[in-house]
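First the structure, in the form of structure tokens, and then the observations on it.
The values are calculated or read from the model by the stated rules, or taken from the named source; none is laboratory data. Here the structure is a predicted model, which means the values were calculated and not measured. When we count neighbours, we look across all protein chains shown, and the Cβ atoms used for this are built from the backbone with ideal geometry, even at glycine. What goes into the accessible areas is simple: the full protein's heavy atoms, side chains included, and nothing from ligands, DNA or RNA. Shrake-Rupley method; radii C 1.70, N 1.55, O 1.52, S 1.80 Å.
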Amino acid sequence: MNKKIEKKDGLLKIDLTFDEKEFQAALNKAEINLAKEVVVPGYRKGHAPLDLAKKYLNSNRLSDEIINNFLKSADKEFTSTKLYEQYKILNIRPEVNVSKFEEKETDISITYLLSPEVIKLGDYKGIKSDITEKKITDKDVEEELKKLAKENEELVSVDREAKLNDTANIDFVGYLNGKAFDGGEGKSFDLVLGSNHFVPGFEEQIVGHKAGDKFEIKVTMPENYPDELANKETVFKVTINSIKEGQVPEINDEFATTLTGDYVSKNLAELKEKVKNKLVENAQKEYINQKANDYLLKCRDSSTYEIADKYVDMIVEDRLASERQRVENQGLTLEEYLKLVKMDFDSFKADIRNNALAEIKNGLVYDAITTAENIPAITNADIEKQIGLPISAFTNQYSSYLKMQKLNDSQIANEIRRYLNSVATNLIQQRVIDKILILNGDKKEETVEKKENKEKSTEKKAASEKKTTTAKKTTKKVDAEGEKEDK
């Protein structure tokens, strides 16, 4: 057997040539094996003389068996010479092509799919970035205060006609040809007018009505609804229970004292200072994250890869199937969904492919930098610290939850493995990001001793705060009891 090996474009192609002697050996072996399954008149199955049984062999099966024998002998040699260990061959059935099948010479090619890899890693040290840090202004602080006020908006009942952006609490029943249809009924439903939550034209017809009004709304159902409703004119009988409008609190000292968490303040001046500090902190984090992303993108784009088209195709087909399932769960076909978002299938598939290819390259760059910089692997202790639980305890808790979701044991095991792998991936990626920032002068490297001291300090502070809180609660209880006794 002669072989020629070529590694190119993420594929490993092995061309094999078998001579006449090897053909005869494979033929004899095939005849002996197939003769065991042949029924010859006058003999029990598999007991006829070989020369007689040969006459009853199927020629196509015989050819297939000969080729299988060639492949088995090749596999045996590849294993003995550790050929497989030299390449990152994926556990996917290889493509076999027989270009010549004759007694004097048989030519067979085997093409294996290889794991994607970085051939040459781009620069990730000493990179210049044009990313600049956002400067926080008084206007930014004012805008953030407005957001906080909006988040603390309260809904208050009003005695007037409904307007857009009001919240109308309604009862409704939908009718098609005078009969109520499934899914067209609701009671005490809070509907924000102008949110486009309901079918086009519905919310606009509530505007102008008051609490207590009973009326009908006529709408034509969209074409993407089930066939029995699509493009049909329907009537909804509606009762308005209440109309509420959002009232945003005034931004003043009183408002400042109502906030909790990071924004607990005694007056507006203190709140503004805290808001500005938070915005500056977030801007710095965003700046560093953008720089890290910029470094990684430049490294990714300047790297050289070997990624088989077939490998990317497999991922694309898998994601297309997932997308089909996702939209079908919403009652649409993929074609209907694409029509709604005004995208053709080829563009949709191209986007999926581009995203998949970018993800593959990102992963390869992370792995390559991890190896190049000897970044420590993620341990179970690292994962447990991240999730805040021993892995065994997490597994038990998550398994119970997944069982409630009606998943079987195999699905539960896969889901747990997927989650823990994602935690490990995020942790190693963060280590790579930290290293890149250090190498480009955006971050100082902490020694192990400093990290340990920092962690101990954080734990000590948390314990102290917990102790103080407990003490405060105890003091309040004693004071309260004391006041009670005084009275």
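Dividing the convex hull volume of the alpha carbon atoms of segment 213-327 by its residue count gives 250 Å³ per residue. One equal scatterer on each Cα of segment 153-296, no solvent, Debye formula: the resulting log10 I(q)/I(0) at q = 0.13, 0.21 Å⁻¹ is -0.74, -1.19. Legend: Rg and Dmax of segment 44-196, from Cα coordinates, 37.9, 103 Å. Estimated at 0.36 nm per residue, the fully extended path between I387 and E223 surpasses their Cα-Cα distance by 54.5 nm. Counted residue by residue at 0.36 nm each, then reduced by the alpha carbon distance between them, the extension gain from N165 to F189 reaches 7.1 nm. In segment 215-306, Cα pairs under 8 Å separated by at least six residues give a relative contact order of 14 percent. Remark: segment 303-450 carries a charge dipole of roughly 380 debye about the Cα centre, counting +1 on each Lys and Arg Cβ and -1 on each Asp and Glu Cβ.
As a calculated quantity, the FRET efficiency between E233 and D262 at R0 = 41 Å, using C-beta atoms, amounts to about 0.20. Averaging the sequence gap over all C-alpha pairs within less than 8 Å and six or more residues apart, then dividing by the number of residues, gives segment 99-230 a relative contact order of 17 percent.
Suppose a student asked you for the relative contact order of the chain, using Cα pairs under 8 Å spaced at least 6 residues apart; what percent would you report? Once divided by the residue count of the chain, the mean separation gives 14 percent. First obtain the Kirkwood hydrodynamic radius of segment 333-443 from its Cα pairs, then insert it into the Stokes-Einstein equation at 10 °C and 1.306 mPa s, and state the resulting D in µm² per second as a whole number. Here the translational diffusion coefficient equals 91 µm²/s.
Surface exposure of the chain, expressed per residue as accessible area with a 1.4 Å probe, stands at 67 Å².
Each label point was placed 7 Å from the Cα along the Cα-to-Cβ direction; for I251 and A350 their separation is 4.5 nm.
You can think of it this way: the chain between T17 and E270 has 82.8 nm of extra reach, that is 0.36 nm per residue less the Cα-Cα gap.
Each label point was placed 7 Å from the Cα along the Cα-to-Cβ direction; for K7 and D64 their separation is 3.4 nm. The coefficient of translational diffusion for the chain, derived via Stokes-Einstein from the alpha carbon Kirkwood radius under 4 °C and 1.567 mPa s, stands at 41 µm²/s.
For a modelled paramagnetic label at S157, 7 Å from Cα along Cα-to-Cβ, the residues of segment 244-287 in reach, with backbone nitrogen under 18 Å, are 244-247.
The label point for Q397 and the one for S109, both projected 7 Å from the Cα toward the Cβ, are 5.5 nm apart.
Placing unit charges on each Cβ (+1 for Lys and Arg, -1 for Asp and Glu) gives the chain a dipole about its Cα centre, and among V248, V156, S392 the Cα reaching farthest toward its positive end belongs to S392.
Please report, as a whole percent, how much of the solvent-accessible surface of the chain comes from carbon and sulfur atoms (probe radius 1.4 Å).
47 percent
Over the chain, DSSP H runs of length four or greater, each weighted -39,500 (n - 2.57), average out per residue to a 222 nm ellipticity of -17000 deg cm²/dmol.
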